[in-house]
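We did not get these values from a lab; they are worked out from the coordinates using the rules stated. This is a predicted model, so every value here is computed, not measured. Heads up, the Cβs are rebuilt from the backbone with ideal geometry, glycines too, and the neighbour counts pull from every protein chain shown.
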Amino acid sequence: MKILVTGGAGFIASHVAEAYLGAGHEVVIVDDLSMGYRKNIPDGARFVEMSITDDAFADFVISEKFDVVNHHAAHMELRVSVDKPVHDATINVLGSLRLLEAARRSGVSHVILASTTAVLGEFIHMPAAEDHPVRPIAPYGVSKRSMELYADYERITHGMSITTLRYTNVYGPRQNPHGESGVIAIFLEKFMQGAIPTIHGDGTQERDYIHVHDVAAANIAALEHRVQGTYHICCNSAASVNDVVRALRSALGQNFEVHHGPAKPGDPARTRGSYEAFSGITGWRPLIELEQGIHQTVRWFQADHSEQ
């Protein structure tokens, strides 16, 4: 199949593109390189530098006649979304809507959308299943929820085949250590540079971390099973930021120092999701435990630094 992967020069989508190539598919990557890197583009993929907000993007999707579209291009920095909600919505709402409309007009057989459990807001009960109340507490979550609703509209009204995957906290090789999200990559980079990272809050806030290889496998499963609807992709586990720091110190073999700063506005205290619905349909399950995944990520970052 001919598959478009938007944001494929970025962290998660480059792994997804790699998995699709490994499964024998033809992969075309569209990325504006605002947050992605050319070095992330897997061998064998065709690369087109373009933004999903460009007027030419819809024409490109229609003219290429893709079989499948996998949409990961997004604005994903929570604090920037609070300061610049119009910028956030321009990419995550209007860009996604442009993609969905073009995919429908060109006869794409299946669309996979990357969303986030940030749409839930504060987790009322855990592990959160797909029927958890949806009350986003930051513009980033609002914009992603808007994308989900447009996907529901396209599916219900126009009969499009669409899977929406809500990720929890994804980590692993190629994660950008220079943004505001991705605490594992950010702290790891700081430690390796001899700098002191800042924990926002007291460090007891808990996250459901999932390795990027498990996320890529979920995207393969969503394609193979043509799953319809919205599903949580997570590990149903919780680790605090302090736990992550301890695991990084162990993997690096040094007791690095950290600072504490104010908590982030719009950042929930705890997240933990259930993957049982998606697993029940596809058989997918997360395989990489956090400590194992952190050690693997450390080895990748160390190898990447040695090549620079």
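Treat every Asp and Glu Cβ in region 108-258 as -1 and every Lys and Arg Cβ as +1, leave all other atoms uncharged, and give the resulting dipole magnitude about the Cα centre to the nearest 20 debye.
Using Cβ point charges on Lys, Arg, Asp and Glu, region 108-258 gives about 220 debye.
Per residue, what volume in Å³ does the Cα convex hull of region 90-242 take up?
128 Å³
List, largest first, the extents of the alpha carbons of region 70-141 along their principal axes, each in whole Å.
40, 30, 14
For region 207-245 and region 1-80, write down the distance between their C-alpha centroids in whole Å.
About 20 Å separates the Cα centre of region 207-245 from the one of region 1-80.
Tell me the mean residue ellipticity at 222 nm calculated for the chain from its helices only (DSSP H runs of n ≥ 4, each -39500 (n - 2.57), averaged over every residue, nearest 500).
-12500 deg cm²/dmol
Of all the Cα-Cα pairs you can form in region 155-232, what percent are over 17 Å apart?
In whole percent, the share of Cα-Cα pairs in region 155-232 beyond 17 Å is 59.
Once you've got the GNM for the chain with C-alpha springs shorter than 10 Å, pick whichever of Ser96, Ser250, Ser181 has the biggest mean-square fluctuation.
Answer for the Gaussian network model of the chain: Ser250.
What's the local net charge at Ala129, with K and R +1, D and E -1, over the other residues with C-beta under 14 Å away?
Surrounding charge for Ala129 is -2.
Considering only Val170, Ile186, Leu290, whose Cα is most displaced toward the positive end of the charge dipole of region 162-308, charges sitting on Cβ of Lys, Arg (+1) and Asp, Glu (-1)?
Final value for the positive-end residue is Val170.
Can you give me the relative contact order of region 130-200 as a percent, contacts being Cα pairs under 8 Å and 6 or more apart?
Value for region 130-200: 13 percent.
Taking Cα atoms, how many degrees apart are the long axis of helix 212-225 and the longest axis of the chain, rounded to 10 and kept between 0 and 90?
It is inclined by approximately 20 degrees.
Return a whole-number percent for the relative contact order of the chain, with Cα pairs under 8 Å and 6 or more residues apart as the contact set.
The normalised contact order for the chain reaches 18 percent.
Relative to the first principal axis of the alpha-carbon coordinates of the chain, what is the inclination of helix 183-193, with its axis defined by its Cα atoms, in degrees from 0 to 90 and to the nearest 10?
Orientation of helix 183-193: about 50 degrees from the principal axis.
Can you give the angle from 0 to 90° between the axis of helix 290-307 and the longest principal axis of the chain, with both taken from C-alpha atoms, to the nearest 10?
Its long axis makes an angle of about 90 degrees.
If you take the charge dipole of the chain about its Cα centre, with +1 on Lys and Arg Cβ and -1 on Asp and Glu Cβ, which of Tyr231, Ala19, Ser81 is farthest toward its positive end?
About the Cα centre, the residue reaching furthest to the positive side is Tyr231.
Contour minus end-to-end for Ile156 and Arg270, with contour as 0.36 nm per residue of separation and end-to-end as the Cα-Cα distance?
37.8 nm
Ratio to report: Rg/Rh of region 27-151, with Cα atoms as the point set and Rh obtained by the Kirkwood method; give two decimals.
0.99
For region 220-308, calculate the relative contact order in percent as a whole number, restricting contacts to Cα pairs under 8 Å that are 6 or more residues apart.
46 percent
Gln193 versus His260, label points 7 Å from Cα toward the beta carbon: distance in nm?
2.5 nm
Label points 7 Å out from Cα along the Cβ direction at Ser109 and His178: separation in nm?
Placing both labels 7 Å beyond Cα along the Cβ direction yields 4.0 nm.
What does the net charge come to around Tyr209 if you take all other residues with beta carbon closer than 12 Å to its beta carbon, with K and R at +1 and D and E at -1?
Computed value for this residue: -4.
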